[in-house]
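What follows is one structure encoded as structure tokens, with my remarks underneath.
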Amino acid sequence: MASTSIFPQKDPVVDAPRPGARRILGRVNWSLVLGIGLLLGILLFGTAGRLLVSRDGMKLGASDFAAPPSRQNPLGTDTAGRSVLVMMIYGTLPTLTIGLIAGGVGTIVGASLGLIAGYYGGPIDTVLHSVADILLGVPSLMVLVVFASYLGDMSIVTMSAIIAFFAWPWPARSVRSQTLSMRELAYVEMAKLSGCSDLEIIFQELMPNLLPYIASSFVRAVSQGIMASVGLQMLGLGSLTLITLALMLSNAFSSAALTRGLWWWWLPSTIVLTILFIALFLVTLSLDEAANPRLKAARRGGE
Amino acid sequence: MTDNHPRVVLDVENLQVQYPTALGDIVACRNVSLQVYRGEILGLVGESGCGKSTLAMAIMRLIQPPGRIVQGRVVLEGTDLLSLKEGRLRQMRWQQIALIPQGAMSSLNPVMRIGEQIADGMRAHGVEQSRGQMDNRVLDLLAAVGLPRSVHNMYPHELSGGMKQRVCIAMAISLHPSLIIADEPTSALDVVVQRLVIQTLMEIRQRLNVSMLLIGHDMGLQAQLVDRIAVMYAGRIMEVAPVEEIFDSPLHPYTRLLVESIPSIKERKPLRVTEGLMLDLRDPPPGCAFQLRCGQTSEICRSIEPPLLQVAPEHYVACHFC
Amino acid sequence: MSQALLDVKKVTKAFGNGLLKSQDRVVALDSVDLSIPHEPATIVAVAGESGSGKTTLAKLVLGFTKPTAGQILFAGQDVADLRGAQLIEYRRQVQAIFQDPYEVFNPFYRVNHVFDQVIKHFQLADKGDDPEEAVKTALNMTGLRPEDVLGKYPHQLSGGQRQRIMIARALMLRPRLILADEPVSMIDASLRAMILEILQRMRNEQSISFLYITHDLSTAYQISDKIYILYRGWIVEQGDTARVIENPQHPYLQLLIDSVPIPDPSQRWDSAISLGGAVDGREATGCPFYSRCPARTRRCLTKRPSLRPIEGEDHQVRCYL
């Protein structure tokens with residue numbers, strides 16, 4: 001039976017779905033599905049694993065030193081007699097947490113600053129984007145190394161905080177440039193006529209339409225955060241006591257695991273870290289597509 | 001059609017163009033048939049979403065996937081464009097049939113001088129001439145559209161909207177095509193400049209005897225320029241008639257609505273208000289496409305789609321009551 | 001004390017740096033005077049083409065920018081001085097409808113959002129009226145059924161429906177003046193009358209005045225009571241709409257009216273018109289229309305004409321002829 005529903009008055013040739021958080025769900029994007037799937041897998045590994053396996057395997061001297069994989073320790077042990085598998089299970093969450101905290105803080109701070117700078121323009125914007133550009137140009141790992149050496153051993157939270165210091169400029173710039181082009185839109189003028197204050201316009205009108213950009217910046221920041229933490233820990237800096245995947249690698253290399261052929265010590269965490277980065281990359285790619293519809297059209301144009 | 005008519009330049013037969021969407025296929029052009037006679041300007045009018053731009057693109061075979069031409073023939077000077085291979089089609093485009101698309105003036109290359117662009121277009125379609133001859137030809141074209149010689153060396157941003165549009169017209173006529181399709185050639189222009197561009201088209205038609213398909217939504221403009229008008233609604237042709245008959249005695253209710261909606265600059269009249277229910281092109285009701293807005297529907301209108309029938313010489317209407 | 005509802009007094013708006021070199025300064029509006037009376041409710045049209053300054057005028061009246069010279073007074077108060085509660089009150093009394101019925105909606109929200117904003121900021125909920133009822137009444141006034149449009153997203157509605165929702169939003173505040181900036185130019189021809197009829201009805205039934213800004217002389221002629229013709233920032237002719245359009249005096253207006261295509265194939269344009277080549281820059285002195293005027297004289301080049309009234313009519317023209 002025919003419907004007499006109202007049909008939008010636009011030329012079907014030209015009408016294309018507009019970008020926005022709601023449109024992402026319209027089309028199946030296999031990169032996104034794969035990326036999220038892998039992330040969930042790793043998350044499951046790090047959380048459910050804790051319920052199934054006890055911490056005891058991680059204690060110093062729990063088993064034989066530097067033993068290859070066996071029935072008791074499926075991934076063998078390190079030179080301190082700790083089960084590699086148990087360490088991996090318990091080290092996954094902290095690895096992710098660092099990324100989440102650093103990425104989260106960086107994104108929230110960066111996006112907010114970007115929105116404010118983009119909306120007001122003028123001196124506020126000049127100051128902000130100059131600072132952001134400078135920080136983006138600075139080799140962040142070098143500076144982090146300096147901070148970290150000065151601070152010695154630190155908690156996960158501290159490490160996340162100093163990494164976040166370099167994570168905010170990118171979301172700030174990405175959000176700022178979008179805001180600059182959006183602040184002249186008709187619905188912003190309408191909001192002003194409806195009595196909305198500047199902050200209301202920034203956070204209630206503009207920000208929701210920037211969620212794809214913010215989400216993609218967030219994932220990027222999380223990747224960046226994890227990479228920075230890996231970098232720091234490989235250099236023997238940052239958090240030195242709480243086991244993370246990167247710390248395991250760092251310990252392995254400082255104990256010459258490579259030359260000693262203790263492959264079960266360094267290989268598993270390398271694999272998991274690689275999978276993690278691939279997953280984050282896939283998700284970033286997909287979210288970039290949602291934010292920039294031209295990329296999506298290019299992908300679907302080939303179908 | 002009887003055979004004592006002047007030769008037909010373009011013959012579109014039962015053309016159907018569809019676009020798939022998540023919620024079903026949109027039929028942008030449904031069973032469209034029309035002819036453009038040699039030397040005439042045929043106007044194609046309709047409002048947004050009626051499919052007139054899609055029709056123009058379909059005639060030129062420029063429909064982008066996922067849209068596709070599902071059935072029909074497009075015969076230009078005896079050749080069916082829809083069955084041509086890409087190479088031969090590209091030859092026919094611009095040499096036999098040219099398109100001035102919507103927003104053409106914004107798609108001029110901003111970093112190339114006007115003269116270069118026109119010459120480039122010609123060279124791309126196989127015109128091989130010396131620099132001097134080419135320049136002369138371009139200058140002739142500029143004169144034909146009423147632009148001064150100085151435009152030859154200017155960049156697009158130095159020109160006004162009306163001048164840019166006339167450059168696009170010059171490009172369209174550069175290879176002396178038999179048919180020019182102009183899609184809303186004046187929509188972004190001020191009314192005085194609009195008049196200038198329309199007059200330019202009039203002169204072109206007289207001087208070169210080129211046929212034109214003028215697509216637009218402004219009935220007033222159509223009255224000034226065209227010889228016959230085809231009225232389109234929801235992807236279908238509703239009425240085709242000589243322009244005088246369309247304005248003097250429009251038969252189809254939609255045509256009457258369009259004519260009555262033109263605000264006059266000569267006398268003040270009460271406004272003619274109608275409700276605007278558009279039908280869902282993905283799931284149209286059976287029968288006449290105009291049933292939701294027509295004042296005089298009956299059972300037959302809601303069940304059987306009226307065919308386009310001849311009611312007078314050169315006058316065709318798709319309505320059960322005309 | 002001003003007698004008018006809206007009084008635009010010798011307003012000039014110029015852009016560019018402080019240097020007075022004429023090439024660097026763009027003068028969008030030059031010494032414009034316009035007024036809308038307190039009563040009766042009037043539809044005042046400002047007609048001009050692109051570059052005439054009409055968009056700038058809209059921004060000035062809405063308080064989005066300040067004049068370089070001159071004043072805009074609303075009920076005697078200078079709009080440029082409004083702050084805080086006074087500004088909110090101004091916004092309640094002066095609302096707007098814009099050209100693009102899609103862009104005015106935030107695509108993230110349902111259309112209800114535009115009503116929620118207004119209810120919240122103008123405390124419509126506190127006044128004892130039920131805000132939901134107010135929304136429904138406003139929608140009904142524009143001929144929409146609330147159940148057809150509330151709860152939907154902008155892209156699910158037609159252009160005509162969206163524009164009517166925007167009118168309803170403005171109506172909820174019971175403003176004295178609505179600025180309508182090209183409200184029908186992006187609406188289909190057969191539906192324009194519907195929107196314009198609503199404006200007329202609001203003038204008649206709700207005593208709301210309108211500042212109708214457009215490039216379309218025909219619609220301005222059909223619905224407005226008074227008209228101002230803007231050319232390159234100057235008012236060149238003004239007065240009672242019927243008089244001005246039926247008896248145009250200024251060569252520019254005559255040219256405009258002649259260029260409106262008549263929907264009658266037996267009355268076609270015959271003579272070619274010239275536009276005097278590429279029109280650029282601004283004449284430093286003299287009439288701004290000089291370069292295109294078919295009837296110009298030397299005097300037109302030396303001194304700008306001032307507005308001269310025509311005997312016995314509400315009709316003034318800025319021309320020596």
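The values are calculated or read from the model by the stated rules, or taken from the named source; none is laboratory data. Source: prediction; values computed, not measured. Cβ sites come from the backbone with ideal geometry, for glycine too, and all protein chains shown count toward neighbours. All accessible areas refer to the heavy atoms of the entire protein, side chains included, with ligands and DNA or RNA removed. Shrake-Rupley method; radii C 1.70, N 1.55, O 1.52, S 1.80 Å.
For the range B:294-307, enumerate the residues that are open to solvent by 60 Å² or more (accessible area, probe 1.4 Å) and closer than 19 Å to B:PRO284 by Cβ. Before you say what the answer is, go through the steps one by one.
Quick first cut of the range B:294-307, residues open to solvent by 60 Å² or more (accessible area, probe 1.4 Å) only: B:295-296, B:299-300, B:302-305, B:307.
Residues satisfying the conditions are B:GLU299, B:ILE300, B:ARG302, B:SER303, B:ILE304, B:GLU305, B:PRO307.
Would it be correct to say that B:LEU214 is among the aliphatic types (A, V, I, L, M) and at the interface with another protein chain (Cβ under 9 Å from one of its Cβ atoms)?
Values: among the aliphatic types (A, V, I, L, M): yes; at the interface with another protein chain (Cβ under 9 Å from one of its Cβ atoms): no.
So B:LEU214 fails the test.
In the range C:93-102, how many residues are facing another protein chain (nearest Cβ under 8 Å) and not in a loop (DSSP other than H, G, I, E, B)?
So the answer is 2.
Of (1) touching a residue at least 12 places away in the same chain (Cβ under 8 Å); (2) more than 10 Å from chain C (Cβ to nearest Cβ); (3) not hydroxyl-bearing (Ser, Thr, Tyr), B:ARG149 satisfies all except one. Which?
Checking B:ARG149 against (1) touching a residue at least 12 places away in the same chain (Cβ under 8 Å); (2) more than 10 Å from chain C (Cβ to nearest Cβ); (3) not hydroxyl-bearing (Ser, Thr, Tyr), the one that fails is (1).
Among residues belonging to the range A:162-211 that are within 14 Å of chain C (Cβ to nearest Cβ) and not in a helix (DSSP H, G or I), point out the one that is nearest to the chain's Cα centre (by Cα).
A:LEU210
What is the residue count in the range C:243-265 for residues that are farther than 18 Å from C:ARG308 by Cα and either in contact (Cβ under 8 Å) with a residue 24 or more places away in the chain or at the interface with chain B (Cβ under 7 Å from one of its Cβ atoms) (or both)?
10
Can you tell me which residues in the range C:178-194 are in contact (Cβ under 8 Å) with a residue 40 or more places away in the chain and facing another protein chain (nearest Cβ under 7 Å)?
Narrowing the range C:178-194 to residues in contact (Cβ under 8 Å) with a residue 40 or more places away in the chain: C:178-183, C:185-187, C:194.
Residue satisfying the conditions is C:MET194 alone.
Each row is one residue, and each column tells you yes or no for (1) touching a helix residue (DSSP H, G or I) at 6+ places or on another chain (Cβ under 8 Å); (2) within 9 Å of chain A (Cβ to nearest Cβ); (3) within 28 Å of A:MET182 (Cβ to Cβ).
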position: C:VAL104; (1), (2), (3): yes, yes, yes
position: C:VAL111; (1), (2), (3): yes, no, yes
position: C:HIS121; (1), (2), (3): yes, yes, yes
position: C:LYS136; (1), (2), (3): yes, no, no
position: C:ARG145; (1), (2), (3): yes, no, no
position: C:LYS152; (1), (2), (3): no, yes, yes
position: C:LEU157; (1), (2), (3): yes, yes, yes
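For C:ARG169, which of the numbered conditions (1) within 13 Å of chain A (Cβ to nearest Cβ); (2) open to solvent by less than 10 Å² (accessible area, probe 1.4 Å); (3) not in a helix (DSSP H, G or I) fails to hold?
(3)
Kindly indicate the residue of the range B:165-187 that is part of a loop (DSSP other than H, G, I, E, B) and away from chain C (no Cβ under 14 Å) and also most open to solvent (accessible area, probe 1.4 Å) among those meeting that condition.
Residues of the range B:165-187 that are part of a loop (DSSP other than H, G, I, E, B), as a first pass: B:174-178, B:184-187.
Right, trim to away from chain C (no Cβ under 14 Å) and you get B:174-178.
Details: B:SER174: 4, B:LEU175: 23, B:HIS176: 120, B:PRO177: 10, B:SER178: 20 Å².
Per the criteria, the residue is B:HIS176.
Going through A:ILE124, A:ILE108, A:ILE98, A:ILE134 one at a time, which residue ends up being under 30 Å from A:TYR213 (Cβ atoms), assigned to a helix (DSSP H, G or I), touching a Gly at 6+ places or on another chain (Cβ under 8 Å) and hydrophobic (A, V, I, L, M, F, W, C)? Break it down stepwise before answering.
Working: A:ILE124 fails: touching a Gly at 6+ places or on another chain (Cβ under 8 Å); A:ILE108 fails: touching a Gly at 6+ places or on another chain (Cβ under 8 Å); A:ILE134 fails: touching a Gly at 6+ places or on another chain (Cβ under 8 Å).
The conditions single out A:ILE98.
Answer yes or no as to whether C:THR42 is among the hydroxyl-bearing types (Ser, Thr, Tyr), in contact (Cβ under 8 Å) with a residue 60 or more places away in the chain and either within 30 Å of C:LEU256 (Cα to Cα) or buried (at least 16 other Cβ atoms within 10 Å of the Cβ) (or both).
Details: among the hydroxyl-bearing types (Ser, Thr, Tyr): yes; in contact (Cβ under 8 Å) with a residue 60 or more places away in the chain: yes; either within 30 Å of C:LEU256 (Cα to Cα) or buried (at least 16 other Cβ atoms within 10 Å of the Cβ) (or both): yes.
So C:THR42 fits the description; yes.
Table: residues versus (1) over 28 Å from B:LEU147 (Cβ atoms); (2) surrounded by 24 or more Cβ atoms within 10 Å (Cβ to Cβ).
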| residue | (1), (2) |
| --- | --- |
| B:LEU189 | no, no |
| B:VAL192 | no, no |
| B:THR200 | no, no |
| B:ARG205 | no, no |
| B:ASN209 | no, no |
| B:GLY220 | no, no |
| B:VAL231 | yes, yes |
| B:GLY235 | yes, yes |
| B:PHE247 | yes, no |
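What are the residues in the range A:111-140 that are closer than 30 Å to A:LEU242 by Cα, surrounded by 15 or more Cβ atoms within 10 Å (Cβ to Cβ) and of a type in the set (A, V, I, L, M), if any?
Step one: of the range A:111-140, the residues closer than 30 Å to A:LEU242 by Cα are A:135-136, A:138-140.
If we keep only those that are surrounded by 15 or more Cβ atoms within 10 Å (Cβ to Cβ) as well, we get A:135, A:140.
Answer for the range A:111-140, where residues must be closer than 30 Å to A:LEU242 by Cα, surrounded by 15 or more Cβ atoms within 10 Å (Cβ to Cβ) and of a type in the set (A, V, I, L, M): just A:LEU135.
For the range B:144-151, check the following and say yes or no: at least one residue is among the small types (Gly, Ala, Ser), touching a helix residue (DSSP H, G or I) at 6+ places or on another chain (Cβ under 8 Å), over 23 Å from C:ASP270 (Cα atoms) and at pLDDT 90 or above.
Initially, the range B:144-151 is screened for residues among the small types (Gly, Ala, Ser), giving B:144, B:146, B:150.
If we keep only those that are touching a helix residue (DSSP H, G or I) at 6+ places or on another chain (Cβ under 8 Å) too, we end up with B:144, B:146.
From the residues that got through so far, the ones that are over 23 Å from C:ASP270 (Cα atoms) too are none.
The answer is no, given that none of the residues of the range B:144-151 is among the small types (Gly, Ala, Ser), touching a helix residue (DSSP H, G or I) at 6+ places or on another chain (Cβ under 8 Å), over 23 Å from C:ASP270 (Cα atoms) and at pLDDT 90 or above.
Please verify whether A:TYR90 is hydroxyl-bearing (Ser, Thr, Tyr) and over 24 Å from the mean Cα position of the chain (by Cα), treating the condition exactly as stated. Walk me through how you get there before you give the answer.
On the way: hydroxyl-bearing (Ser, Thr, Tyr): yes; over 24 Å from the mean Cα position of the chain (by Cα): no.
Considered against the rule, which asks whether it is hydroxyl-bearing (Ser, Thr, Tyr) and over 24 Å from the mean Cα position of the chain (by Cα), A:TYR90 comes out as no.
Can you tell me which residue in the range B:234-263 is farthest from C:MET194 (Cα to Cα), limited to those that are within 9 Å of chain C (Cβ to nearest Cβ) and among the β-branched types (Val, Ile, Thr)?
From the range B:234-263, those within 9 Å of chain C (Cβ to nearest Cβ) are B:242-244, B:246-248, B:254, B:257-263; that's our starting set.
In the following step, the residues that additionally are among the β-branched types (Val, Ile, Thr) were identified as B:243, B:246, B:259, B:262.
Values: B:VAL243: 26, B:ILE246: 23, B:VAL259: 15, B:ILE262: 13 Å.
My answer is B:VAL243.
Here are B:VAL138, B:VAL111: which of them is hydrophobic (A, V, I, L, M, F, W, C) and open to solvent by less than 70 Å² (accessible area, probe 1.4 Å)? Give the derivation first.
Details: B:VAL111 fails: open to solvent by less than 70 Å² (accessible area, probe 1.4 Å).
When all the criteria are applied, what remains is B:VAL138.
So that you can scan it fast, the table gives a plain yes or no per residue for (1) under 18 Å from the mean Cα position of the chain (by Cα); (2) part of a helix (DSSP H, G or I):
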{"residue": "C:GLU147", "(1), (2)": "no, yes"}
{"residue": "C:HIS155", "(1), (2)": "no, yes"}
{"residue": "C:PRO183", "(1), (2)": "yes, no"}
{"residue": "C:MET186", "(1), (2)": "yes, no"}
{"residue": "C:LEU196", "(1), (2)": "yes, yes"}
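Considering each of B:ILE100, B:ILE118 in turn, give the residue that is in contact with an Asp or Glu (Cβ under 8 Å, 6 or more places away or on another chain), within 28 Å of B:ILE41 (Cα to Cα) and surrounded by 15 or more Cβ atoms within 10 Å (Cβ to Cβ).
On the way: B:ILE118 fails: in contact with an Asp or Glu (Cβ under 8 Å, 6 or more places away or on another chain).
Residue meeting the stated conditions: B:ILE100.
Using the structure shown, decide if A:GLN204 is farther than 30 Å from A:VAL84 by Cα, open to solvent by 60 Å² or more (accessible area, probe 1.4 Å), at pLDDT 85 or above and out of contact with any Asp or Glu (no Cβ under 9 Å at 6 or more places or on another chain). Write out each step before concluding.
Numbers: farther than 30 Å from A:VAL84 by Cα: yes; open to solvent by 60 Å² or more (accessible area, probe 1.4 Å): yes; at pLDDT 85 or above: yes; out of contact with any Asp or Glu (no Cβ under 9 Å at 6 or more places or on another chain): yes.
Against the criterion (farther than 30 Å from A:VAL84 by Cα, open to solvent by 60 Å² or more (accessible area, probe 1.4 Å), at pLDDT 85 or above and out of contact with any Asp or Glu (no Cβ under 9 Å at 6 or more places or on another chain)), A:GLN204 qualifies.
Hey, does the range A:250-257 have a residue that's buried (at least 21 other Cβ atoms within 10 Å of the Cβ) and within 23 Å of the chain's Cα centre (by Cα)?
Within the range A:250-257, one or more residues are buried (at least 21 other Cβ atoms within 10 Å of the Cβ) and within 23 Å of the chain's Cα centre (by Cα).
Since C:ASN140 meets every condition but one in (1) assigned to a helix (DSSP H, G or I); (2) surrounded by fewer than 23 Cβ atoms within 10 Å (Cβ to Cβ); (3) within 10 Å of chain A (Cβ to nearest Cβ); (4) not basic (Lys, Arg), which condition does it not meet?
It fails just one condition, (3).
Of all residues in the range C:1-34, count the ones that are closer than 18 Å to C:TYR231 by Cα and at pLDDT 85 or above.
Residues flagged as closer than 18 Å to C:TYR231 by Cα and at pLDDT 85 or above within the range C:1-34 amount to 16.
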